[in-house]
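This report refers to the structure that appears directly beneath it.
The values are calculated or read from the model by the stated rules, or taken from the named source; none is laboratory data. Not measured: the values here are computed from a predicted model. Backbone-built Cβ (ideal geometry, glycine too); neighbour counts: all protein chains shown.
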Amino acid sequence: MRYIEPMAKLIEHFRALPGIGSKTAVRLAYHILDMEPAQAKALAQAIIEAKEKIGFCSCCFNLSDTDPCAICTSPRFMCSTSWSSSSGRTGG
């Protein structure tokens, strides 16, 4: 089926996601179009914010919005990177 350009573009972006086929991409695109404008903007903003703020902790490589993450900076957990740098030993 042929779609107007903005719809086709939205479908193609959804199809690029892992596990999303053509039918699901079309369904998601129609769902987005059916949303209230505020909902669609909130979804778009959440995607942008996640992309900008989430990365990998340099110590444990978990997803985090800080580096090192809250677990690695906790006094209850000694990250091997901070342990090795503070004690003079090398990790491993």
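In the range 9-26, the residue that is nearest to Leu63 (Cα to Cα) out of those that are surrounded by fewer than 13 Cβ atoms within 10 Å (Cβ to Cβ) and aliphatic (A, V, I, L, M) is Leu17. Kindly establish whether Ala29 is loosely packed, with under 13 Cβ neighbours inside 10 Å and either part of a helix (DSSP H, G or I) or in contact with a helix residue (DSSP H, G or I) (Cβ under 6 Å, 6 or more places away or on another chain) (or both). Answer is no for this residue. When you check Gly21 against the structure, is it modelled with pLDDT under 95 and out of contact with any helix residue (DSSP H, G or I) (no Cβ under 6 Å at 6 or more places or on another chain), yes or no? So Gly21 does not fit the description; no. Would you confirm, using the coordinates I've provided, whether Leu63 is surrounded by 12 or more Cβ atoms within 10 Å (Cβ to Cβ) and of a type in the set (A, V, I, L, M)? In short, no. Each residue in the range 1-26 was checked for being aromatic (Phe, Trp, Tyr) and not in a helix (DSSP H, G or I), and 1 of them qualify.
Annotation note: of Ala50, Ala40, the sole residue that is surrounded by 12 or more Cβ atoms within 10 Å (Cβ to Cβ), of a type outside the set (Lys, Arg) and modelled with pLDDT of 95 or more is Ala40.
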